[in-house]
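Read-outs: derived from the displayed coordinates by stated rules, not from any lab. As the structure is a computational prediction, the values presented were derived from the model and not from experiment. Positions of Cβ are generated from backbone atoms using ideal geometry, with glycine treated the same way; all protein chains shown enter the neighbour counts.
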Amino acid sequence: MAGNWKMYKTASETTEFFEKFRPLVEKSDHADIVICPPFTNLAAAVAAAKGSRIEIGAQNVFWAKEGAYTGEVSGPMLTALGIQWVIIGHSERRQYFGETDETVLKRTQAALEYGLKPIVCVGEHLQEREAGKTEAVLEAQFAGGIAKLSAEQFAKIVIAYEPVWAIGTGRTATPEIAEEAHRFLRSRAEAVYGKAAADAVRILYGGSVKPDNVKNLMAQPDIDGVLVGGASLDPASFGKIVNF
Ligand code: PGA
C-alpha cells in the first residue's frame, strides 16, 4: 500500500503526518506500507518512520551515480538517507518532464543497481482508452520500459497501473476495468519472464483510490496493492486504505 505525496507537504507537515499515521498502522502487518514524499521531506520521513513498519520512497531517481546533472538526485544519495523505494515513470513525469519508456528503463536499472526497489508506472490516456488502444499502449510501455530488465531485475520491481484519466479526477477505474488491465500486464510479464515470475510480481492500481473504493479494487485477483495520491495526504484516510 503506497502513498505518492507528489509535490505536497513541508518537512514539518511530514513529521505531523507520521505522528498521526503511525498508530493507525501499527498492527497492519498484512501489507508493505510505503510513503513517497518530495525529496525535501525524505530525511524527516525516515526519522519519523524509524522503528515502524512504514518504509519510505522517493518519487524519482537519476541514472548516474553522481556528476554534472543539475537538479537531479542519484540512487546512492537516496539509499544513504535510508530510502528503500522509488516511484519511476509516473504519468505526471511522462507528461510534464519528458519521461519516456527509455528513461524509465534507465532509471529503473539504476535504482536496482543502487539497491532501491522501483515502483514502475504505466497507464493509458483517456483518448487512448476511447480509441480502443489501452492494450497497445500498455504493451508498448511494458516492452520499452520493463521487458528489457533481466529476470533477476524483474523479480525486484513492483508495477503500478495508473490510467491517466483516473488520476486526481475522482474517476476511479471500476474494479473490472482495472482488473482487465492488470491481467493484461501479468500476461505480458508471463510472456517475457514465465508464469512463476508473472504470478509473483506485485501490480498496484492507482487513480482516485479512496477509503470507500479500495476494498472492491483489492478483491480483484490481479490487484495486489494500491498507489494512492490525494487520499494518502491525510493520515486517517490513508490509514483506512491500508487497513481496507
Ligand atoms: P490520485 O493519484 O490517487 O490522487 O488519483 C494517484 C497517483 O497519481 O499516483
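Going by the structure shown, is LEU138 surrounded by 13 or more Cβ atoms within 10 Å (Cβ to Cβ) and either assigned to a helix (DSSP H, G or I) or within 16 Å of the ligand (Cβ to nearest atom) (or both)?
yes
Can you tell which of GLU92, GLU66 is farther than 26 Å from ALA198 by Cα and within 14 Å of the chain's Cα centre (by Cα)?
GLU92
Quick one: GLU55 ticks every box in (1) away from the ligand (no atom under 16 Å from the Cβ); (2) surrounded by 15 or more Cβ atoms within 10 Å (Cβ to Cβ); (3) in a loop (DSSP other than H, G, I, E, B) bar one, so which box is it?
Condition not satisfied by GLU55: (3).
For the stretch 65-119, which positions are surrounded by 24 or more Cβ atoms within 10 Å (Cβ to Cβ), within 16 Å of the ligand (Cβ to nearest atom) and of a type outside the set (Gly, Ala, Ser)?
VAL86, ILE87, ILE88, HIS90, PRO118, ILE119
State whether the residues of the stretch 168-185 include one that is more than 15 Å from the ligand (Cβ to nearest atom), in a helix (DSSP H, G or I) and touching a residue at least 60 places away in the same chain (Cβ under 8 Å).
Yes, the stretch 168-185 contains a residue that is more than 15 Å from the ligand (Cβ to nearest atom), in a helix (DSSP H, G or I) and touching a residue at least 60 places away in the same chain (Cβ under 8 Å).
Residue by residue through the stretch 190-230, note down the ones that are free of Cβ contacts under 8 Å to residues at least 40 places away in the same chain, within 14 Å of the ligand (Cβ to nearest atom) and assigned to a helix (DSSP H, G or I).
Answer for the stretch 190-230, where residues must be free of Cβ contacts under 8 Å to residues at least 40 places away in the same chain, within 14 Å of the ligand (Cβ to nearest atom) and assigned to a helix (DSSP H, G or I): just VAL214.
Take the residues of the stretch 14-27 that are free of Cβ contacts under 8 Å to residues at least 12 places away in the same chain and among the charged types (D, E, K, R): which is nearest to the ligand (Cβ to nearest atom)?
If we take residues in the stretch 14-27 being free of Cβ contacts under 8 Å to residues at least 12 places away in the same chain and among the charged types (D, E, K, R), then GLU16 is nearest to the ligand (Cβ to nearest atom).
List the number of the failed condition for LYS9; all other conditions in (1) more than 18 Å from the chain's Cα centre (by Cα); (2) part of a helix (DSSP H, G or I); (3) not β-branched (Val, Ile, Thr) hold.
Exception for LYS9: condition (2).
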